[in-house]
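Accompanying notes for the structure given below.
The values are calculated or read from the model by the stated rules, or taken from the named source; none is laboratory data. What you see is a predicted model, and the numbers here were worked out from it, not measured in a lab. Here Cβ is always computed from backbone atoms with ideal geometry, including for glycine, and neighbour counts include all displayed protein chains. Accessible surface is based on the protein model in full, side chains and every heavy atom, while ligands, DNA and RNA are left aside. Shrake-Rupley method; radii C 1.70, N 1.55, O 1.52, S 1.80 Å.
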Amino acid sequence: MENKTKLPSLNWKQTTCEVCGNEFDYFKSKRPRVCKNGDCEYKFHYKIDQKSWASYQPTLFDTKEKS
């Protein structure tokens, strides 16, 4: 006789990340609001706008043309 072990079946659900908008699967009873990406969790927790990031430099590669 063969004894096969069976994994428990999980009730997978799908939701959308509130920060990046990507869909991801989860199986917890409570729906997560952000995906497991560390950046998304950080931005959601601290409510950081892209323009207030420490690395945000919109004019970093702008060049002044000499006339």
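Worth pointing out:
- Neighbours of Gln14, meaning other residues whose beta-carbon lies under 11 angstrom from its beta-carbon, give a summed charge of 0 when Lys and Arg score +1 and Asp and Glu score -1.
- Ordered from largest to smallest accessible area (heavy atoms of protein chains, 1.4 Å probe), the residues Thr15, Thr59, Thr5 come out as Thr5, Thr59, Thr15.
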